[in-house]
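To keep things clear, I will list the structure first and then write my remarks on it.
Any read-out appearing in this document is the output of simple, stated calculations on the displayed coordinates, not a laboratory observation. In this text the structure is predicted, and so the values were computed from the model without any measurement. So basically every Cβ, Gly included, is an ideal-geometry build from the backbone, and we count neighbours across all protein chains shown.
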Amino acid sequence: MTPRIFILAGLLLLALPDSGADAQSSTTVPKTPTGSSDFTATPPPPPPPGGGSGVPDDPAGGGSVPGGPTFPDPATGTVPPPTTPPTVVTPAFVTPETPTVPVPTPGAATAVADELLVVSRSIAEATALAQALAPRGYRVLRRQPLNFLGGALTAFRLPPGQSLGGAVTELRQDFPEHIVAPNGLLTPAATEPAAQLYAKTLIGWRAAPAKCQAAQPIGLIDTPVDMKHPALSGQKLASRSFLPAGMKPGSAEHGTAVAALLIGKAGDPSFGGLLPGTALQHANVFHATDDRPAVATVERVVAAVDWLGGGGIRLVNMSLETGSNPVLDFAMGSAADKGMILVAAAGNGGKDAPPAYPAAHPAVIAVTAIDADARIYKKANRGDYIDLAAPGVDVWAAKAGGGGSYRSGTSFAVPFVVAAIAIEQSATPGATAKQLLAHLRAGAQDLGAKGHDPIYGDGMLTAPKSCGGTAASN
């Protein structure tokens, strides 16, 4: 299966706090306010073996094909085969206006009710579209060039009384040369049961051996990160917020946990990261509402991908999910075409849930979660789009404000695959995303039905040889 592409409509992070102690449950994990603390918690005693999942094997095969979307043909409205990326545009921003963001229903891919996103080939075309839509009552809220992805992204306010679905249909019919989609919402995916420090041992990852280092920085699109946490203080971590002025940042719990799993300080038995010496470029795209600790929009995710790509980042961790969206799809495809490797959480909707995006996009690598006994996470999505499995149930991770907690969710499995790709990427700088994924698949430990299946993909990730791996094979 090849990597998959991001789709920009509405995004939901994959992690929510779990009210119970069931090690088999997991949901989206929101971020909480950042803070600082000198306290380093000692993990509580592990529970009895077997807590965390337990789903029977499902014998089925599957795969995916890489590639990304291009702009529709103006005459026919159909999408032609990939061509040369659109010309890079020069900046021409519109003064931002803070959007009114509704609270999404848990598990549903919702969107900002009174906003619409449009991707145009250039700022000039975006300006012309705005002029054509003004008499209809559409108002430009924000506009930005996509210098890495190509084109321009505009957020419109809908005319009074216009429904979102009606607006999408109207603009797609009247302006087929533009990509039109709702400004979708996303949430994190994680929980807090009880477990043990098993993750690195399960896949054979040793504690930061000298050769286990990534040469290139990694990108992270997530909630805020507590940069004062002892596991992250002093690490190579840079951050940028994509929230409008005055908007309340989302909880930092999720982002702090994922960042520490990737680059937590070496030598810390509880919080030592997979790649403690690697630089991490973080984009915060999540805000908080009265009833939701962390919510993102497709617009912000696309802007973050464009920013990371423009800064030279070619490997990105995305522990978030939403439904299929044409704007997000454009961003994932365009980024992949330009050499960016995108890795995303498979989703925490359960075995009957529809595919989660961006993980289900053909250009994005989808990662599911397993427990200490290599059993699938109870709430993990299933589907032919699943590529690999990694530890993501009852994983001990840093907590905003200091200390740590056990987390579950496909969100927390993603850093393990990202770290492995970063190592392989450093060893073979010219390798493509497809080649790197094929290498990881070849070394994966087969789980469930023989060969690729919709539960475990190609099986459990094993650590690269330079990080302690032993070249296990399907």
Take every Cα pair under 8 Å in segment 262-355 that's 6+ residues apart, average their separations, divide by the length, and report that relative contact order as a whole percent. 18
Highest average packing first - 360-367, 423-430, Cβ atoms within 10 Å: 360-367, 423-430
Computed from the beta carbon distance with a Förster radius of 35 Å, FRET efficiency for Asp174 and Thr432 to the nearest 0.05 stands at 0.35
Could you tell me which of rounded, prolate or oblate describes segment 157-309, using a ≥ b ≥ c as the square roots of the eigenvalues of the alpha-carbon gyration tensor, with rounded for a/c under 1.5 and, failing that, prolate when a/b is larger than b/c and oblate otherwise? prolate
Output ordering of 285-292, 319-326, 169-176 (per-residue mean of other Cβ within 10 Å, highest first) is 319-326, 285-292, 169-176
Expected vector for segment 219-229, Karplus 3J(HN,Hα) from phi with 6.51, -1.76, 1.60 and θ = phi - 60°, integer Hz, x for Gly and Pro, equals x, 9, 10, 7, 7, x, 10, 7, 6, 8, 4
Is segment 124-189 rounded, prolate or oblate when judged by the Cα gyration tensor, a ≥ b ≥ c being the square roots of its eigenvalues, rounded requiring a/c under 1.5 and prolate requiring a/b larger than b/c? oblate
So how far apart, in nm, are the two label points at Ala279 and Lys351 if each is 7 Å from Cα heading toward Cβ? 4.6
For segment 230-294, what does the alpha-carbon gyration tensor say about shape, rounded, prolate or oblate, given a ≥ b ≥ c as the root eigenvalues, a/c under 1.5 as rounded, and a/b over b/c as prolate? prolate
Going through segment 403-474, which trypsin sites (Lys or Arg not before Pro) have at most 15 other Cβ atoms within 10 Å and a DSSP loop state? Lys450
Longer than 32 Å from Cα to Cα, which of Lys338/Lys378; Lys200/Lys248; Lys236/Lys434; Lys200/Lys236; Lys379/Lys434; Lys248/Lys434 are they? Say none if no pair is. Lys338/Lys378; Lys200/Lys248; Lys248/Lys434
Label Lys248 and Arg139 with points 7 Å out from Cα along Cα→Cβ: what is the distance between them in nm? 2.5
How much net charge surrounds His452 when only the other residues with a Cβ under 11 Å from the Cβ of His452 are counted, with Lys and Arg +1 and Asp and Glu -1? -3
Got a sec? Which residues in segment 397-426 would a label at Lys211 touch, if it sits 7 Å along Cα→Cβ and we count backbone N under 13 Å? 424
Explain nothing, just compute: Karplus ³J(HN,Hα) = 6.51 cos²θ - 1.76 cosθ + 1.60, θ = phi - 60°, for every residue of segment 403-413 in order, whole Hz, x for Gly and Pro. x, x, 7, 7, 10, 10, x, 5, 3, 7, 7
What does the charge count around Gly468 come to, taking other residues whose C-beta lies under 15 Å from its C-beta (Lys +1, Arg +1, Asp -1, Glu -1)? +3
